[in-house]
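First comes the structure, then the notes that go with it.
Throughout, read-outs are computed from the coordinates displayed, never taken from laboratory work. All values reported here derive from a predicted model rather than from experimental measurement. With ideal geometry, Cβ positions are generated from the backbone for all residues, glycine too; neighbour counts draw on all protein chains shown.
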Amino acid sequence: MKKLTGIKLLLQLKQAPDPSTLLRVLELLSQILLTRPLFIKEYHEQLLFLSAFPYSPKIHSAVNKELKRVALAVKQSSPALYNVLSGDGIINTELICSYSFSLTKWLSQKFTQAVSLHSSFADADTVRNILQLICPFAEFEKTTQDEMKLGQRIATISAIKNKQAQLNWLLRAIDESNLPLNIKEEMFRQLQVFVQWKITNPQYSRTFLKFSTENIYYQKKSINQINTKWVLNKKINLPVKLTTEQKGQLCDTLKTSLALLSRETDPVTFADEQAVQLFNMGRGFSIALVYLKKDRRLSLESYIGYMAFKNGIPVSYGGGWILGTSCKIGVNIYPAFRKGESAWMFCQVLRLYHQNFKVSYFYVNPYQFGKGNPEGLKSGAFWFYYRLGFRPVQTDINVLSKTEWKKINTDKKYRTPVNILKKFTAGPVSLHLNKNNTPAFFAPEISTLISNYINKHFNSNRKAAIQNGYQKLKTQFQLTAKNETLSLLYLLADKNNSLSLKEKKDLANVFMLQYNNSEAAFIKNLQK
């Protein structure tokens with residue numbers, strides 16, 4: 001093989017037709033000095049892919065060796081190189097990002113010496129108003145006087161100059177304010193806090209982050225053609241038995257994986273650690289299901305998050321919003337792994353939700369394939385779902401998609417114009433697994449009905465409506481627990497006596513499960 005530049009070798013690495021060629025390219029790449037930031041970044045991403053999808057033990061070993069070499073090169077890099085490499089979660093770099101109050105608190109506790117206050121985009125008035133709320137009123141002189149940014153105001157009040165200590169002071173002051181968590185979160189959001197996270201712990205970097213309970217699966221070939229129906233009906237395994245410690249480690253991995261890419265999801269940030277489950281789906285692929293704590297659950301739907309792993313490496317995340325047998329599903333495949341069986345991986349997520357939660361109707365919001373999402377349009381994401389059996393819910397769009405699909409199959413060079421892809425985003429796409437079980441309602445429709453009912457029958461007085469619902473539940477079923485959603489749903493169900501007394505009682509019992517039991521039990525009972 002003639003001598004090639006690093007960039008050309010990276011191209012060959014991406015296009016290597018067989019394991020032996022891949023191994024030779026890796027050997028050549030191992031001889032190249034790691035001094036150019038763009039090369040290091042691209043090489044790092046390709047190594048991550050090969051670590052998740054290794055062809056053989058030799059390749060897996062070579063990849064791990066090269067990842068360690070990348071880590072060392074970054075650690076020894078110049079300040080200029082360090083600055084360019086930072087922001088992507090690579091070991092021995094840093095990340096500057098804004099997170100929720102709860103996740104920032106977790107980061108500061110998990111990585112005590114590595115996380116500090118970087119900056120705040122809140123104006124002086126916002127800083128003054130919020131700091132006044134979380135400090136004793138008697139300190140009005142230092143909390144209100146002069147125009148100051150957040151760091152300066154904290155230093156004035158607390159006499160703390162160290163940025164790490166300033167962040168800890170702020171988090172503690174908010175945490176000890178005795179305010180509800182949602183208010184704490186909103187105050188922190190308004191402060192627009194950015195933290196600096198020095199990524200020095202190898203286990204909690206994108207370079208080496210993983211969680212695995214099984215042996216490495218070596219990739220013989222990729223699965224590109226998917227029979228969705230066959231995949232979804234293949235029986236799933238029982239969840240892996242995890243110890244309390246393993247569940248905690250898994251949740252730490254989930255939080256870190258998202259945070260390293262400046263992302264968050266509610267099920268991960270507000271996870272019920274003891275409820276988390278891990279399923280081995282075959283071929284080294286596993287999926288963690290993560291449930292919200294009771295006080296963070298949604299009013300009508302069950303928001304169940306997930307993260308998928310290939311050979312223990314996080315490759316994808318998302319969530320499903322379940323109501324009855326329907327589920328709005330969202331998928332995000334990390335950029336480094338988008339060439340690696342994306343369709344098959346998403347099908348495994350559908351398979352798990354279908355069998356574990358008895359979901360028979362999946363739908364995807366238009367954002368996922370292009371509405372307000374230029375990347376989704378550019379990539380033709382609509383066809384990703386179409387190939388798996390999803391179809392537009394709106395009849396006119398469905399007809400148009402059939403016409404376009406025929407053109408694609410007739411002419412392999414044909415590409416759907418962007419203006420037509422935009423038309424597809426006028427509505428959701430759905431996958432219907434049981435035509436005899438069409439969802440009768442969706443959460444947005446129920447929410448709208450509740451709002452309209454309050455406006456019409458209670459003169460827009462929300463408190464009066466809720467109290468009326470509480471009174472009816474107490475009178476008819478001796479239920480005294482304060483469940484706001486159940487109260488309002490009961491008013492709807494009671495309207496015109498559309499449900500029998502037994503049906504109303506069943507409704508009440510099911511919605512009490514959502515707050516007093518597991519979400520899995522709530523989902524199961526709501527389907528009866």
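Tell me which of A62, L22, V84 sits at the most positive position along the dipole axis of the range 6-85, charges placed on C-beta atoms (Lys, Arg +1; Asp, Glu -1).
Highest projection toward the positive end goes to V84.
If I take every Cα pair under 8 Å that is 6 or more residues apart in the chain, average their sequence separation and divide by the length, what percent do I get for the relative contact order?
Computed over the chain, the figure is 11 percent.
Please state the charge dipole magnitude for the chain, taken about the Cα centre, from unit charges on C-beta atoms (+1 on K and R, -1 on D and E), reported in debye and rounded to the nearest 20.
It comes to approximately 1920 debye.
Can you give the extra length, in nm with one decimal, that the chain gains between Q527 and S212 once fully stretched, where that is 0.36 nm per residue apart less the Cα-Cα distance?
110.1 nm
E503 to S56: extension gain in nm, 0.36 nm per residue of separation minus the Cα-Cα distance?
In short, 155.1 nm is gained.
Report Rg (one decimal) and Dmax (nearest whole number) for the range 207-283, counting Cα atoms only, units Å.
15.2, 39
If each residue's Cβ is checked for other Cβ atoms within 10 Å, how do W230, W321 rank with the fewest at the top?
With the fewest neighbours first, W230, W321 line up as W230, W321.
Quote to one decimal, in nm, the extra length available between N459 and S119 on full extension: 0.36 nm per residue of separation minus the C-alpha distance between them.
Here the segment from N459 to S119 would lengthen by 117.8 nm.
Past 18 Å, Cα to Cα, is the threshold; run K474/K504; K371/K435; K358/K435; K293/K328 against it and keep the listed order.
Working: K474/K504 13 Å; K371/K435 28 Å; K358/K435 14 Å; K293/K328 20 Å.
Violating the 18 Å Cα-Cα cut-off are K371/K435; K293/K328.
Given 10 °C and 1.306 mPa s, how large is the Stokes-Einstein diffusion coefficient of the range 6-85 in µm²/s, with Rh as the Kirkwood radius over Cα pairs?
Details: Rh = 12.8 Å.
D = 124 µm²/s.
Counting other beta carbons within 10 Å of each Cβ, put W197, W383 in order, fewest first.
On the way: W197 24, W383 18.
Starting with the residue having the fewest Cβ neighbours, the order is W383, W197.
What residue among L421, T403, Q355 has its Cα farthest toward the positive end of the dipole of the range 239-432, where the charges are +1 on Lys, Arg and -1 on Asp, Glu, each on the Cβ?
T403
Rounded, prolate or oblate, given the Cα gyration tensor of the range 224-370, with a/c below 1.5 counting as rounded? If you can, show how the numbers build up before the last one.
Numbers: a/c = 1.26, a/b = 1.14, b/c = 1.11.
Rounded shape, in that the Cα axes give a/c under 1.5.
Let me know the volume per residue of the alpha-carbon convex hull for the range 443-526, in Å³.
That works out to 93 Å³ per residue.
Where does the range 378-429 land on the Kirkwood hydrodynamic radius, alpha-carbon pairs, in angstrom?
About 11.1 Å for the range 378-429.
Which of R283, R391, R351 has the fewest other C-beta atoms within 10 Å, and how do the rest follow up to the most?
R391, R283, R351
Return the whole-Å distance between the Cα centroid of the range 445-494 and the Cα centroid of the range 211-228.
Centre-to-centre distance over Cα atoms comes out at 49 Å.
Please name which of V510, Q152, Q471 has its Cα lying farthest along the dipole of the chain towards the positive end, using unit charges on Cβ (Lys, Arg +1; Asp, Glu -1) and the Cα centre as origin.
Checked the options; the winner is V510.
For Q190, put the label point 7 Å out on the Cα→Cβ axis and report which residues of the range 124-144 keep their amide N under 17 Å from it.
Hits in the range 124-144 for Q190 at 17 Å: 124-137, 143-144.
Just add up the charged neighbours of S120: K/R +1, D/E -1, any other residue whose Cβ is under 12 Å from the Cβ of S120. Display every interim value, and only then the final one.
Numbers: positive: K149, R153, K163, R189; negative: D123.
Counting the neighbours of S120, the net charge comes to +3.
With θ set to phi - 60°, apply the Karplus curve 6.51 cos²θ - 1.76 cosθ + 1.60 along the range 392-407 and write out the HN-Hα couplings as whole Hz, x wherever there is a Gly or Pro.
Along the range 392-407, the couplings run x, 6, 6, 4, 5, 6, 4, 4, 4, 5, 5, 5, 5, 5, 5, 4 Hz.
Which of the chymotrypsin sites (Phe, Trp or Tyr not before Pro) across the range 135-183 are loop residues per DSSP, with 11 or fewer other Cβ within 10 Å?
The qualifying sites: there are none.
Assign unit charges at the C-beta atoms only (+1 for Lys and Arg, -1 for Asp and Glu), then state the dipole size of the range 229-382 relative to its Cα centre in Debye, rounded to the nearest 20.
That gives a dipole near 500 debye.
Less than 19 Å from a label point 7 Å out along the Cα-to-Cβ axis of N237: which backbone N atoms in the range 341-363 qualify, by residue?
It comes to 344-357, nothing else.
I need the shape label for the range 239-310. Rule: rounded when a/c is under 1.5, else prolate if a/b > b/c, else oblate, with a, b, c from the alpha carbon gyration tensor.
Verdict is prolate for the range 239-310.
Please report the net charge: other residues with Cβ closer than 11 Å to the Cβ of N365, K and R +1, D and E -1.
For residues surrounding N365, the net value is +2.
At a threshold of 8 angstrom on Cα-Cα distance, excluding pairs fewer than six apart, so keeping six or more, what relative contact order does the range 443-526 reach in percent?
Computed over the range 443-526, the figure is 19 percent.
Sticking with the crude label model, points 7 Å out along Cα→Cβ, report the distance from N373 to R263 in nm, one decimal please.
Each label point is offset 7 Å from its Cα along the Cβ direction, giving 1.1 nm.
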